[in-house]
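Take a look at the structure set out below.
Readers should treat all values here as calculations from the given coordinates under stated rules, not as data from a laboratory. Keep in mind it's a predicted model, so treat the numbers as computed, not measured. No Cβ is skipped: glycine too gets one built from the backbone with ideal geometry, and neighbour counts run over all protein chains shown.
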Amino acid sequence: MNQESLVLFDVDGTLTEARQAIQTPMIAALRELCEYCEIGLVTGSGLEYIKEQLWPIFNSNIIKRNCHLLPCNGTEYLVPTEDKEIAFHTVAANSMIKEMGPSEFNKLMSMLCDLQSRVSLNYPIPLSGHFIQNRESMVNWCPIGRNATTEQRKEFELLDKEHRIRLKYMSLLSDAIKDLGLTVKLGGDTSFDIYPRGWDKTYALSHFDIEAWDIWFVGDRCYPEGNDYELFELLKHQERSFETGGPDETIEIINNYILKEIGY
């Protein structure tokens, strides 16, 4: 096994469809990849969403032995345990409130409450609840709510495409938080990720000796507003990063590019 190769994957839109469970062909592709290298799951979501979407991969011993979990852009780092039940050992975790201070954090939350009120009054978007989620090292703001159904998500995506809602409110939010030392990115298809400057997905690399690893990355949000952009750009000059259009294309990237480089 080539222990010096590490392939990092975004989750939503890369390994799975948005907020959906991983499918059998992807599990098979990851299992084969883990015969030759280690993998990392670097996502803006928290651990609960990783478990919800990806739990079947942790039934594979070879994936468990060669897998790194990097929730919230890698500001958390966990590894699966050897237990028969799905469990994880926390290696590192960070706190946005500690980084900013409670007063500044409360300012952010107040701004998001105000913007949520404005967007819901200005556009006929569906509203489901759980609009602002504190992920400890990141805040996620979802104007339609994290409880949205698949149908509500599709309805919002059509409205967003027509009215460019998220880009407008991303601009408003960026201006509002410019003095708080924060970054805002589009998270998935319906939300925003807000975190301290520098806590983008390149943060995940701080857990590894980058001189000792040959690191790859596959993600779907690789444009400047997307939350895969910084990590994609960092590895692009080494021809180690790939932008995918979805899980089927990710499997093609694994089979036709990555495995051919490190597996054969």
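Annotation: the residues Tyr257, Tyr49, Tyr203, sorted from fewest to most other C-beta atoms within 10 Å of their own C-beta, follow the order Tyr257, Tyr49, Tyr203. For Lys161, the lysines whose Cα comes closer than 24 Å to its Cα, not counting residues fewer than 8 places off in the same chain, are Lys185. Taking label positions 7 Å along the Cα-Cβ direction at both Glu85 and Ser103, the computed distance is 4.4 nm, reported to one decimal. What shape does segment 108-162 have by the C-alpha gyration tensor, where a ≥ b ≥ c are the square roots of the eigenvalues, rounded means a/c under 1.5, and otherwise prolate means a/b greater than b/c and oblate the rest? Cα axes put segment 108-162 in the oblate bin.
Partners of Lys154 within straight-line reach, counting aspartates and glutamates whose Cα lies under 17 Å from its Cα and excluding those fewer than 8 residues away in the same chain: Asp12, Glu17, Glu162, Asp189.
Taken about its Cα centre, segment 1-122 carries a charge dipole of about 220 debye when Lys and Arg each add +1 at the Cβ and Asp and Glu each add -1 at the Cβ.
Find the relative contact order for the chain and round it to a whole percent, using C-alpha pairs within less than 8 Å whose residues are 6+ positions apart.
Values: 453 pairs, mean separation 59.3, N = 264.
Reported as a whole number, the value is 22 percent.
Over 22 Å apart at the Cα level, from the set Lys64/Lys84; Lys51/Lys236; Lys51/Lys260; Lys64/Lys236; Lys51/Lys84; Lys98/Lys178, are Lys51/Lys236; Lys51/Lys260; Lys64/Lys236.
Direction-averaged projected area, Cα convex hull, the chain: 13.8 nm², rounded to one decimal. In segment 74-143, a dipole from Cβ-located charges (positive for Lys and Arg, negative for Asp and Glu) runs towards its positive end, and of Ser117, Ile97, Val79 it is Ser117 whose Cα lies farthest in that direction. Taking the Cα centre of the chain as reference, the dipole from Cβ charges on Lys and Arg (+1) and Asp and Glu (-1) amounts to some 740 debye.
Ordered by the count of other Cβ atoms within 10 Å of each Cβ, fewest first, Ser128, Ser206, Ser45 give Ser206, Ser128, Ser45.
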